[in-house]
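So that we are looking at the same thing, I have put the structure below in structure tokens.
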Amino acid sequence: MIMWRCTCASKHCLASAYTDLLPANPVLKTDHNHCPEPVKLEVDRCRAEMRIRAVASNDPPARIYADNITALTDAAKAILPSVDTCNRTIARNRTHKYPAEPASLANLHIVPPWTHTLGQQQEEFPFFDNGPQNHCLRKENNLRRLAAADKWYMDGNFAMAPPKFLQLYVMHVSLGQVTIPLVYAFLQNKTSNMSRTGHCYTESLCNVRCAT
Ligand SMILES: [Zn+2]
């Protein structure tokens, strides 16, 4: 059995009900001290669906927000919290499903499911860890594509670097008219480690070439 209580704390409502575990067939135990608020209920349901999708998917917050407000009435849109508030709620719920931030890189241990790609055919990410400073993440097939390419395109992004790192360094190759990212490196240094990381990549690529 599940007990339910009214969320209108501001009205000092003590209404409660209970259901079975499904939950279905609610039985009212104590009645509300206020009139029904269908618009508020609509907004609460919309925000709950945003939170569920935030946890269940990797969709961008803007898309989750846009998809969920489509069916809202104008009255509900009028009292829905701002876009920024909804996006913060989505991000906050999403952080709960991520591993806790390590105190230091020495305590950084990446465990499943974060060691695998998404999708139905999940592949394990081969990691290349050259010590306490840099971590590289790539798929083995991607490394082979990189080894076969004539040109590499490299791009460093500082804003997207996770905590404890200063840079997300991405290596791309051309595929038709576009470039695709193949290897991701998390760097703790903006400049000096770059050449060292490039050297490590080169070594890995040589190993792949020898194996093929
Ligand atoms: Zn109530």
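The values are calculated or read from the model by the stated rules, or taken from the named source; none is laboratory data. Bear in mind that the values here come from a model prediction, so they are computed numbers and not experimental data. Cβ: placed from backbone, ideal geometry, glycine included. Neighbour counts: every protein chain shown.
Return the residue satisfying two criteria in turn: it lies in region 15-58 and is part of a loop (DSSP other than H, G, I, E, B) and within 30 Å of THR117 (Cα to Cα), and of such residues it is farthest from the ligand (Cβ to nearest atom). Full working, then the answer.
Quick first cut of region 15-58, residues part of a loop (DSSP other than H, G, I, E, B) only: 15, 20-26, 31-37, 57-58.
This time we only want the ones that are within 30 Å of THR117 (Cα to Cα), so: 57-58.
Values: SER57: 32, ASN58: 36 Å.
Only one residue fits best here, namely ASN58.
Taking GLU123 as meeting all but one of (1) outside the structural domain of LEU187 (by TED's automatic domain parsing); (2) touching a strand residue (DSSP E or B) at 6+ places or on another chain (Cβ under 9 Å); (3) away from the ligand (no atom under 16 Å from the Cβ), write down the number of the exception.
(1)
When the residues of region 1-12 are filtered to those that are surrounded by 10 or more Cβ atoms within 10 Å (Cβ to Cβ) and closer than 21 Å to ALA48 by Cα, which remaining residue is farthest from the ligand (Cβ to nearest atom)?
So the residue we want is ILE2.
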